[in-house]
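Right, one structure below, let's go through it.
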Amino acid sequence: MSIRFKVILPYLLLTLLIAVTGAFVVTRLVTSSLEERLSNQLLEAGRVVSDEMVRQEIRQFNDARFVAYTDGVSEALKNGDVEKVVNLAKPAAGGLSVENVMVFDAGGSEILHTLKQADNTIQDVTQPRRAATLPIVDELLRENNPNSLPRRMLAKDPLDGRYYYFTAIVVPLQNEITGVVVTGTSLNTLLPSLKAIAFADVILYDVNGQALASTFGKSTTDPLFLRTVSIPKDFYNRVIAQDEIIEGENFEVDGRFYRSGFSPLQIGSDRLAVFAVVLPMQFVVESSSTSRNQYVLLYSAAMVAVILIGYLIARMIIIPLSSLVRTSLAIAEGDLTRRTGVRTNDEIGILANTFDVMTENLQQRTIELEKTNQILEQMDRAKIRFIQVSAHELRTPLTLVQGYAQMIQIKAKDNKDLEKYAKGIIEGAERMTDIVDNLLDVSRINSNLLEIRPVEVEIKALIQRAEKTFQTAFAERRLTFITEGLDTLPPIQADKELLYKVFYHVIGNAIKYTPDGGSITVSGCIIPEAGHPAAIEVKIQDTGIGIDPQYHELVFEKFYQTGDVLLHSSGKTKFKGGGPGLGLAIARGILDAHHGRIWLTSPGYDETKLPGTTVFIRLPLNGTQ
């Protein structure tokens, strides 16, 4: 049997059994329990009150829209035609279900205010040009957005002293607002309807926990009675932050016991207040405790059976998995001889067997790679020894060639052809000497034999020395050499000759890969590094052919050259001039010895657009630390 059925089938059966048993038990217990039935009734009453308040919001919103979108109201508000606004909005307000209608212009001044009386007559209580007293009106006017969502709040109307649930919307005209319409229903009217729908008494509280209105008790408008059912402010703050009803303590009024549930009054995303629903404790009948005990024992026995069976099934799965985990950890630490030892016919067994085969293959490949790596290391050591020996052996004949060529040049003053040949021999020998020196530098770097003799070094002086060295190349190739910010660089502790080689190789590369007529700019600045001493940064930027991003790191490897080597020119300062590919490798080795860094950036390779290359050299002020 597969692991899928091993896990799913038993637990599926157990889950069905527990679901049926649990549903039966919970139903009997809940319907038989005074506390649980009362809590459920409170929850349901709270939901009914919340739903009815949402419906009330929709009615008030529709009534407000009826006034706001009455033909001509928005234009009259924009033009400041108060008489026309009143003539249009007042009849419209008379046909609404709400009791309180207010219209304000874009400046927040009252244009119309009507109150519906008990006999359904409309009383005009407008105080012209009175500033709006409702914060929701000011919010909509400040927002000044025709697409603003409705605002709502509980507040007292100072004209009749009653608390209302208000809804406010903007009056749009094209892309601007011309005013605000507010509709409201008094809590004296709203709460009795909530009680009739929820079959529970309702109390509304303000932000201080003071009861505003209530359907509970004999004298719901008596301030003294409202104070007796008020709640502490910290309890109000706890309720307003909750999403569910919080049950209060049982309390007694006129000899009867009641239970209350508190919930935030939320309309849309706004939490306006806290309301309470109140039910008498005698609303339900307490059931026998004998049935409760029986079903509790049954439910407990079922749970114990589930736990026991689940434990046995878990062991069947976890033991092979644990073996697989321990083996994988051992292999991750390098022990490729470990095997899982799991032999089962399910998915875990197949996985373990596959894992063992993979480990066996990995072990064989690792052995082969180690052998290959040893061969490569031997070849690399042999190559380094060959470079060292070759470089030392070439020095003596090169010195002889240079010496004899110089003697020929001295004796051939009257023979132009011979003098030309001697000069060519000398230049070739010098170039060969440079290559030999580079090979020796590379061998010293690879052998960690590079000796640093730190002295105080001026970067500007090294750059000037390199500029002088390549002066002839700049002139022949019409290259512009620019320096910036080098005067601001402080002296650093470094090996002067080795550091000169870094700039010599980097500037030499810039010359070789910049077409005639281009420019090379060397700039410097001080770089503060968090947690480290300050460093200097030298940037060598050319207008050359650039380097493809995939080669930005390879160019710092020994003997690596970009492009087709066979197409390189023979001159070391000619465009795309040849070379052994050691300059940047030497530069990186020297900077590593100085605890510095070198890297480059380039948009890419293009001999037409000439994107250029920028090499960055960063050195600590004390290069030996």
Pairs needed: first member in the range 190-204, acidic (Asp, Glu); second member anywhere, at pLDDT below 90; C-beta distance under 8 Å; at least 6 residues apart or different chains.
201/195; 201/214; 201/215; 201/216; 201/277; 201/278; 201/279
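Results for (1) modelled with pLDDT under 90; (2) closer than 22 Å to residue 309 by Cβ; (3) surrounded by 14 or more Cβ atoms within 10 Å (Cβ to Cβ); (4) of a type outside the set (Phe, Trp, Tyr), shown as yes or no for each residue.
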residue	(1), (2), (3), (4)
8	yes, yes, no, yes
20	yes, yes, no, yes
64	no, no, yes, yes
75	no, no, yes, yes
79	no, no, no, yes
Going through the range 203-214 in order, the residues found to be surrounded by 20 or more Cβ atoms within 10 Å (Cβ to Cβ) and under 16 Å from residue 232 (Cβ atoms) are 203, 205, 211
Are there any pairs with C-beta distances below 8 angstrom linking a residue in the range 126-143 that is under 11 Å from residue 170 (Cβ atoms) to a residue that is polar (S, T, N, Q) and surrounded by 14 or more Cβ atoms within 10 Å (Cβ to Cβ), with the two at least 6 apart or on different chains, and if so which?
140/148
Could you say whether any residue in the range 215-229 is at pLDDT 85 or above, surrounded by 13 or more Cβ atoms within 10 Å (Cβ to Cβ), outside any loop (DSSP other than H, G, I, E, B) and in contact with a Ser or Thr (Cβ under 7 Å, 6 or more places away or on another chain)?
no
Matching residues in the range 329-343 - criterion: being surrounded by 14 or more Cβ atoms within 10 Å (Cβ to Cβ) and touching a helix residue (DSSP H, G or I) at 6+ places or on another chain (Cβ under 9 Å):
331, 336, 338, 339, 340, 342
When only residues in the range 170-193 that are touching a helix residue (DSSP H, G or I) at 6+ places or on another chain (Cβ under 6 Å) and surrounded by fewer than 24 Cβ atoms within 10 Å (Cβ to Cβ) count, which is nearest to residue 94 (Cα to Cα)?
178
Out of 151, 130, report the one residue that is of a type in the set (D, E, K, R) and either modelled with pLDDT under 90 or closer than 19 Å to residue 118 by Cα (or both).
130
Is it true that residue 261 is outside any loop (DSSP other than H, G, I, E, B) and either in contact with a strand residue (DSSP E or B) (Cβ under 6 Å, 6 or more places away or on another chain) or at pLDDT 85 or above (or both)?
yes
Of everything in the range 534-546 that's crowded, with 17+ Cβ neighbours inside 10 Å and closer than 26 Å to residue 594 by Cα, which residue is modelled with the lowest pLDDT?
535
Before we move on, is residue 200 of a type in the set (Gly, Ala, Ser), surrounded by fewer than 21 Cβ atoms within 10 Å (Cβ to Cβ) and more than 30 Å from residue 79 (Cβ to Cβ)?
no
Restricting attention to the range 316-359, report how many residues are within 21 Å of residue 10 (Cβ to Cβ), within 38 Å of the chain's Cα centre (by Cα) and of a type in the set (Gly, Ala, Ser).
1
For the range 489-498, give me each residue that is in contact with a Gly (Cβ under 7 Å, 6 or more places away or on another chain) and either farther than 13 Å from residue 460 by Cβ or in a helix (DSSP H, G or I) (or both).
493, 494
In the list 469, 488, 514, 483, which residue meets the criterion of being among the hydroxyl-bearing types (Ser, Thr, Tyr), assigned by TED's automatic domain parsing to the domain that holds residue 575 and under 22 Å from residue 547 (Cα atoms)?
514
The range 463-500 - residue that is under 47 Å from the mean Cα position of the chain (by Cα) and of a type in the set (Asp, Glu) and, of those, farthest from residue 515 (Cα to Cα)
495
Tell me which of these residue 393 doesn't satisfy, since it passes every other one: (1) of a type outside the set (Phe, Trp, Tyr); (2) at pLDDT below 70; (3) not in a helix (DSSP H, G or I).
(3)
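The values are calculated or read from the model by the stated rules, or taken from the named source; none is laboratory data. From a predicted model like this one, the values you see are computed outputs, not experimental measurements. We place every Cβ from the backbone using ideal geometry, glycine too, and count neighbours over all the protein chains shown.
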